[in-house]
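Report on the following structure.
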Amino acid sequence: MAILGEEEKKRIEEDEEIRTKVRLRFEQKSSGIAGVLSSVCPGLGQIYNGQVGKASLYMSVVLIGILLLSAGIYFQVKGMPVKGKPVATVEESESVEMTEEGVVVEEKEAEKPVSSEQKKEKKPATPVVLIIVGAAGCILGWNYSVKDAIRSAKKINTS
């Protein structure tokens, strides 16, 4: 074995310094940047950390949540499609007897009382469920994306 000369020792030390700077510059991840990126769009922090699989998972969860939330709001406003009936229905009114002059002839028969159950139109609970599940998916997916990006960046820095 040869003993290293002073010049070789300096060169090795300089190489080590360069390697350390490169490692700090390119291998270390800022947990703050990762968190901010995931706050802007879920999954961006994971992409910054080099975890593309996790990023696609978080993006998918939030996208599905947004779609469910949108569908729930749409069906809540417009009404659920029922088998055999279109979404928007026009109810027919009862025919009314009129004279030739256009005066409405009142019926003497007592009107049948309408129960409160018949007055209330039962709406399916599906839109509400879609809204709740969609909102939960969006909120939880987004929050876990931010937390995971920060935790992963710290884990990358310690290893």
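The values are calculated or read from the model by the stated rules, or taken from the named source; none is laboratory data. Remember, it's a predicted structure, so these values are computed and weren't measured experimentally. Methodologically, a virtual Cβ is constructed for each residue, glycine included, from the backbone with ideal geometry; neighbour enumeration extends over all protein chains shown.
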Check: If you scan the stretch 17-36, which residues turn out to be charged (D, E, K, R) and at pLDDT 85 or above?
Finding: Lys29
Notebook entry, point to check: What are the residues in the stretch 34-49 that are free of Cβ contacts under 8 Å to residues at least 12 places away in the same chain and over 17 Å from the mean Cα position of the chain (by Cα), if any?
Noted result: Val36, Ile47
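If we only count helices (runs of 4 or more DSSP H) wholly inside the stretch 38-154, which ones have 2 or more residues that are more than 30 Å from Glu27 (Cβ to Cβ), modelled with pLDDT of 70 or more and not hydrophobic (A, V, I, L, M, F, W, C)? Reasoning before the result, please.
Values: elements: 44-48, 52-78, 116-119.
So the answer is 52-78.
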